[in-house]
Amino acid sequence: MMGDKSTAWLRLPIVSLCETHVDCVNRTAPVVSEPTPFKMLRTTNVRNGYVDAENTRYVTEETYSKWTRRLVPKRGDIILTREAPLGDVGKIRTDDKVFLGQRLYHFRPDLKKLDADFLLYSLLGDDLQSQIKGFGSGSTVEHMRLEDIPSLEFNVPPLPVQQRIAGILSAYDELIENSQRRIKILESMARALYREWFVHFRFPGHENHPRVASPLGEIPQGWEVKFAKDVATVTYGFPFQSGKFKTDSLGTPVIRIRDILAGASATFTEEGADPKYHVKNGHILVGMDGDFHMNIWSSGHAYQNQRVARFESKGEIGNFHLFLALEKPIQEFNKAIVGTTVAHLGDMHIKTIQIVWPPEDIRSKARAFLEPLSEQVIALKRQAANLRRTRDLLLPRLLSGQIEVEVA
């Protein structure tokens, strides 16, 4: 299995190489509507090697202290989802004050025995993924029991070899993170312009436009307020048969709620669907359950699953402009449902969304600025996806010892 170096690789339980490992607190933490420094991670924040510490819910310092009394998460810790979905893995890469929500498990490697990135990539690999999925099979909702965690075993080379393998794979992640940083800069530029022109109304020539009353407060004279459904086509997803979903990349990708923020789908179907459920790059997707996450799709042709709403501009403004206009109303719906068990966004909510509508010359100037930014963002997202695919093709060959690495 490992060539002439096979004796240097041992098959060991993950927990035997960890400084500590703990489960989450198995009850829902009380959240607050306004941002605080204390953030709750949920299963939707853990995906494909990363822990999203931005799109979170917030709690008080007191709640944070209670939920971290067994272990305070820190940079470099590895998080595994035990359910909904099962088997997603991520590494904490920031110093944010985060804690684990339900259905998450927390590994802290002993760095004298186990490289954190090597553990991360091993958990993403086929060996451990098949073990995890095997523990979860046979139940209505796939989940791992706590008793199964100590049974997870993997092939472990000496620490210098671990570090070399992790270094090769993490080089791809560094490029991916660089793309993500560039995306954030471009999105910040877009939001800054939108805020200046369409929130504070300091657009070119604003001095000549006195404010008048409107359903959204005072707006410049000559501007209107329109319903989002009048300027955008809104489509709700198709109820695909989940029992026929596949993970082997055959068929058409299906975008479920969990895929919106990730920007990519690992679920495929050969089931046909009406063209109106086809999603293309640039379409705006909103989750209709949970936190109503939003994103602009960039991973090519796919289908939208049920409980995923799609917005597409009818052409008078660009999709990026529409996305920015929808952010605040969707966020307000999120705040309004804090404390409910499962939040649902429906057509009755969406049809109430109103946005400010400037004259054609302002729309045109905004489009000339925003659409090139949108194209760059989509290109960078696709670049990151290609890097991730390359990393994932290399990963099993390195973890199996098929590719031997020299240790400097």
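Computed quantities for the displayed model
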quantity	calculated
Subset of segment 163-212 [assigned to a strand (DSSP E or B) and surrounded by 13 or more Cβ atoms within 10 Å (Cβ to Cβ)]	R211
Some residue of segment 283-305 being over 29 Å from R388 (Cα atoms) and modelled with pLDDT of 95 or more	no
Entirely in segment 281-320, the strands (runs of 3 or more DSSP E) that have 1 or more residues that are under 19 Å from the mean Cα position of the chain (by Cα) and farther than 21 Å from A366 by Cβ	284-287, 302-304, 308-313
Conditions (1) buried (at least 17 other Cβ atoms within 10 Å of the Cβ); (2) in contact with an Asp or Glu (Cβ under 9 Å, 6 or more places away or on another chain); (3) not in a strand (DSSP E or B): number failed by T81	(3)
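Residue-by-condition table, conditions (1) modelled with pLDDT under 95; (2) farther than 29 Å from F333 by Cα; (3) surrounded by fewer than 18 Cβ atoms within 10 Å (Cβ to Cβ):
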residue: N55; (1), (2), (3): yes, no, yes
residue: Y64; (1), (2), (3): no, no, no
residue: R70; (1), (2), (3): yes, yes, yes
residue: G87; (1), (2), (3): yes, yes, no
residue: K91; (1), (2), (3): no, yes, no
residue: K97; (1), (2), (3): no, no, yes
residue: R103; (1), (2), (3): yes, no, no
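The values are calculated or read from the model by the stated rules, or taken from the named source; none is laboratory data. Every value quoted in this text rests on a predicted model; they were computed, and no experiment measured them. Note that each Cβ is placed from the backbone with ideal geometry, even for glycine, and that neighbours are counted across all protein chains shown.
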